[in-house]
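What follows is a short report on a single structure.
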Amino acid sequence: SQTIARRVRFERDIWKLWLSIPKPMVCALHGFVIGSGIEMALLCDFRIAAHETIFALPETGLGMLPAAGGTQTVPRAIGVNKALDVLYTNRYFTAEEALSWGLINELIPSYELIPKASALALHLASLDPHIVSAIKQSVLMGIEMPLPQGLGLEKRLALQVWVNSAV
């Protein structure tokens, strides 16, 4: 049931685990990306969708709060006004809308979806993992800080990468 599934997610704190992954995460979206599907996708660094993908956050209409991160990740991705629209109305929206709002990074034909996502993942895997991890940490932590503190974080991480690469 939905209730049991949510309780298990809360107990395991899957979302916190996903956020702790220092490597870039790529997701390929197609078909219906509904509720937790959107919430999980928003924990990824790159979201590539096929043209015919349909999105929705139906929890409000089901008498539930989107408690897998939707009230936090959706506004950060698409802004407060659009987030409140999709969170309150339960309406379905297209991949084209998702792209224009910034919910997804790229929109491509379905036959290109897996090859494109795989190529991106392989490219990311070819990069220095210390640099990629430091960039991810700097962006995700720094965005919540005032600019001077964010710049300080970036400098500390850059020095840390430089010291580790010199060893």
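The values are calculated or read from the model by the stated rules, or taken from the named source; none is laboratory data. Treat the numbers as computed from the prediction; the structure is a model and nothing was measured. No Cβ is skipped: glycine too gets one built from the backbone with ideal geometry, and neighbour counts run over all protein chains shown. The protein model used for the area step is the full one, side chains on, heavy atoms only, and it has no ligands, DNA or RNA in it. Shrake-Rupley method; radii C 1.70, N 1.55, O 1.52, S 1.80 Å.
For Glu106 and Leu159, a Förster radius of 35 Å and the Cβ-Cβ distance give a FRET efficiency of 0.60, rounded to the nearest 0.05.
Counting alpha carbon pairs within less than 8 Å and at least 6 residues apart, what relative contact order, in whole percent, applies to the chain?
Normalised by residue count, the contact order of the chain is 22 percent.
Between Val139 and Ile4, the distance separating the two model label sites (each 7 Å from Cα on the Cα→Cβ line) works out to 3.8 nm.
In the list (i) 70; (ii) 24; (iii) 27, the label attached to percent of Cα pairs over 29 Å apart as derived from the coordinates here is (iii). Length gained on full extension, Leu147 to Leu84: 20.0 nm, using 0.36 nm per residue less the C-alpha separation.
Each peptide in 86-93, 45-52 gets a packing score, the mean of other Cβ atoms within 10 Å over its residues, and the list from highest to lowest is 45-52, 86-93.
Given a 1.4 angstrom probe, what's the average accessible area per residue across the chain, in square angstrom?
With all protein chains present, the chain gives 60 Å² per residue.
In deg cm²/dmol, rounded to 500, what helix-only [θ] at 222 nm does the chain give when every DSSP H run of at least 4 residues adds -39500 (n - 2.57) and the total is split over its residues?
-18500 deg cm²/dmol
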